[in-house]
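**Q** What follows is a single structure, and I will ask about it in a moment.
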Amino acid sequence: MNKQSLPFKNSKKISLAVILILAFLLRIVNIQNSPPSLYGDELTIALDANSLLHEGSDQMGNRLPLTFAMGAGRPAGYVYGSIPFIAVFGPTVLGVRMLSILSGVGVVFLLYLISRKLFSERVGIAAASIAAVSPWEISLSRAGFEAHLALFLSLLCIYFIFLSKQRAQFYIWAAISFGLAIHTYPTYKLSLPLIATVFLWLNGWFKNIKSLKNKLFLSIAAFGLVFFGVLAAFQTLNSGSETRFSSINILSQDRINQQIEQKINLERSITTLPPSIAKYFHKKPVEYTKVFIENYLQNFSLDFLVIHGDRNPRHNMATMGQIYFVEFILFFIGFLSFWQKSKKILIALLIWLILAPIPASIVDLPHALRSSFMLPPLVIFSALGLITIWNMKNKIMLMLVSILFIVQF
């Protein structure tokens with residue numbers, strides 16, 4: 001090993017350690033009071049986990065359930081994952097939030113690992129730094145949000161997909177992470193399969209199935225995916241795991257349905273098109289499609305990303321944008337700077353960003369939890385922009401970016 005490289009490697013390790021410690025402190029300091037109290041979902045998670053710990057059943061007396069009735073069909077992931085912390089801290093604020101706090105630190109670390117795999121060590125450090133102080137990530141970490149654990153597990157799945165290029169047994173770990181994620185938060189049942197497929201393509205998985213050994217690992221992973229898929233289908237059909245989704249998606253909301261009916265009746269009464277043609281333009285499928293598209297596009301609006309966020313103080317304690325304004329600028333700098341040398345990777349990240357808000361759009365307007373799978377590609381693009389400015393060695397630009405981060409933080 002080159003002795004001159006040792007100080008560089010040690011400095012990177014120290015930087016990463018400092019970032020992870022900072023991330024942990026930002027997520028746990030004053031956690032008892034900020035947010036000020038447990039909200040309904042956290043309370044039911046704590047009580048179900050405590051009941052499982054001592055009785056082996058949930059609050060309703062169901063033995064080792066995979067969905068929880070008190071959470072309107074809540075998936076099992078976060079409840080079972082909280083049991084060790086409930087055992088240590090009891091059904092308290094720390095007991096129910098510690099899993100989310102550690103998931104936040106895990107997300108920061110995984111963004112470092114994924115960015116390093118895709119680009120370089122420096123981009124990894126930059127991504128971890130941005131994620132550590134991200135208002136979106138911090139808000140997700142400071143409450144017992146199932147979506148946050150699902151985000152961590154999804155990133156773990158993607159990282160294992162990268163590792164499987166060298167060692168095919170990591171496909172099995174990717175399948176396990178995938179299965180746990182879709183059984184933690186419902187929207188990941190739609191977004192994760194799509195995005196995982198993108199990274200299987202990027203990783204060239206079809207080139208890894210030539211050897212008999214690799215085929216064996218892939219077969220085991222495929223069996224695991226089928227098992228988790230069948231389990232998810234069973235829960236949907238028999239255990240009410242989609243009860244909440246069924247009541248809040250755009251097709252089932254009375255308010256939206258009434259607005260659409262009124263709009264169709266009005267437009268049909270004033271249209272100059274022949275009735276035989278008008279009925280194809282003014283009908284419910286067309287109007288519901290418009291609602292979906294409007295919901296979807298608002299995920300990329302300045303209002304959601306930079307100015308106000310999803311406007312729910314429970315998900316967005318600072319009631320500001322989901323990302324910093326300076327990140328929005330860095331996004332474009334990074335994209336343009338790395339396009340020529342990393343086109344395939346950037347396309348994969350763009351597809352990730354495009355696919356991530358689809359589940360949230362089926363339900364309603366942008367939502368910090370349901371849209372949370374947008375966060376990783378946004379962070380990585382911002383990290384590319386930060387590294388671009390760093391490589392320019394322009395002290396004024398670096399100082400300006402630092403000031404913008406500090407002021408908004």
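The values are calculated or read from the model by the stated rules, or taken from the named source; none is laboratory data. Owing to the predicted nature of the structure, the values given are computational and were not obtained by experimental measurement. Cβ atoms come from the backbone with ideal geometry, glycine included; neighbour counts cover every protein chain shown. Ligands, DNA and RNA are stripped out before the accessible areas are found, and what is left, the full protein with its side chains, is counted by its heavy atoms. Shrake-Rupley method; radii C 1.70, N 1.55, O 1.52, S 1.80 Å.
**Q** If you go through the range 357-403, how many residues are touching a residue at least 12 places away in the same chain (Cβ under 8 Å) and open to solvent by 60 Å² or more (accessible area, probe 1.4 Å)?
**A** Summing the residues that are touching a residue at least 12 places away in the same chain (Cβ under 8 Å) and open to solvent by 60 Å² or more (accessible area, probe 1.4 Å) in the range 357-403 gives 2.
**Q** Which residues, taken from the range 391-408, are within 20 Å of residue 124 (Cα to Cα) and over 28 Å from the mean Cα position of the chain (by Cα)?
**A** The answer is 391, 392, 393, 398.
**Q** Six or more apart or on different chains, Cβ atoms under 7 Å: show the pairs whose first residue is in the range 197-208 and more than 13 Å from residue 159 (Cβ to Cβ) and among the basic types (Lys, Arg) and whose second is open to solvent by 20 Å² or more (accessible area, probe 1.4 Å) and modelled with pLDDT of 70 or more.
**A** none
**Q** Let me ask another. Out of all the residues in the range 171-186, is one or more open to solvent by 30 Å² or more (accessible area, probe 1.4 Å) and at pLDDT below 90?
**A** Yes, the conditions are met somewhere in the range 171-186.
**Q** If you go through the range 93-115 one residue at a time, do you hit one that is open to solvent by 40 Å² or more (accessible area, probe 1.4 Å), closer than 29 Å to residue 409 by Cα, of a type in the set (Ser, Thr, Tyr) and in contact (Cβ under 8 Å) with a residue 40 or more places away in the chain? Before the answer, list the steps.
**A** As a first pass, look at the range 93-115 and keep what is open to solvent by 40 Å² or more (accessible area, probe 1.4 Å): 102, 109.
With closer than 29 Å to residue 409 by Cα added as a condition, the list becomes 102, 109.
From what's left, of a type in the set (Ser, Thr, Tyr): none.
No - not one qualifying residue is present in the range 93-115.
**Q** Another question about this same structure. Out of all the residues in the range 6-60, which are in contact with a Lys or Arg (Cβ under 8 Å, 6 or more places away or on another chain), of a type outside the set (D, E, K, R) and under 12 Å from residue 143 (Cβ atoms)?
**A** Residues satisfying the conditions are 31, 34, 35, 39, 45.
**Q** Find the residue count for the range 341-353, including only residues that are surrounded by 17 or more Cβ atoms within 10 Å (Cβ to Cβ) and under 18 Å from the mean Cα position of the chain (by Cα).
**A** Residues in the range 341-353 being surrounded by 17 or more Cβ atoms within 10 Å (Cβ to Cβ) and under 18 Å from the mean Cα position of the chain (by Cα): 5 in total.
**Q** Cβ-Cβ below 7 Å, separation at least six or inter-chain, first residue in the range 328-350 and without any contact (Cβ under 8 Å) to a residue 40 or more places away in the chain, second hydroxyl-bearing (Ser, Thr, Tyr): which pairs?
**A** Cβ pairs passing all conditions: none.
**Q** Could you grab the pairs with beta carbons closer than 6 Å, sequence gap of 6+ or different chains, first residue in the range 307-327 and assigned to a loop (DSSP other than H, G, I, E, B), second one of a type in the set (Asp, Glu)?
**A** 316/310
**Q** For residue 168, which of the numbered conditions (1) open to solvent by 10 Å² or more (accessible area, probe 1.4 Å); (2) of a type in the set (A, V, I, L, M, F, W, C); (3) over 12 Å from the mean Cα position of the chain (by Cα); (4) within 21 Å of residue 110 (Cα to Cα) fails to hold?
**A** Here residue 168 meets the rest and fails (1).
**Q** Continuing with this model, one more query. Mind listing whichever residues of the range 128-166 are in contact with a Leu (Cβ under 7 Å, 6 or more places away or on another chain) and charged (D, E, K, R)?
**A** Across the range 128-166, the qualifying residue is only 137.
**Q** Please go through the range 307-327 and pick out each residue that is modelled with pLDDT of 90 or more, within 18 Å of the chain's Cα centre (by Cα) and open to solvent by 10 Å² or more (accessible area, probe 1.4 Å).
**A** none
**Q** For residue 142, are the conditions met, namely being surrounded by fewer than 24 Cβ atoms within 10 Å (Cβ to Cβ) and within 21 Å of residue 323 (Cβ to Cβ)?
**A** yes
Yes/no matrix, rows are residues, columns are (1) surrounded by 16 or more Cβ atoms within 10 Å (Cβ to Cβ); (2) modelled with pLDDT of 80 or more; (3) under 30 Å from residue 39 (Cα atoms); (4) not charged (D, E, K, R):
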residue: 256; (1), (2), (3), (4): yes, no, yes, yes
residue: 260; (1), (2), (3), (4): yes, no, no, yes
residue: 279; (1), (2), (3), (4): no, no, no, no
residue: 339; (1), (2), (3), (4): no, yes, no, yes
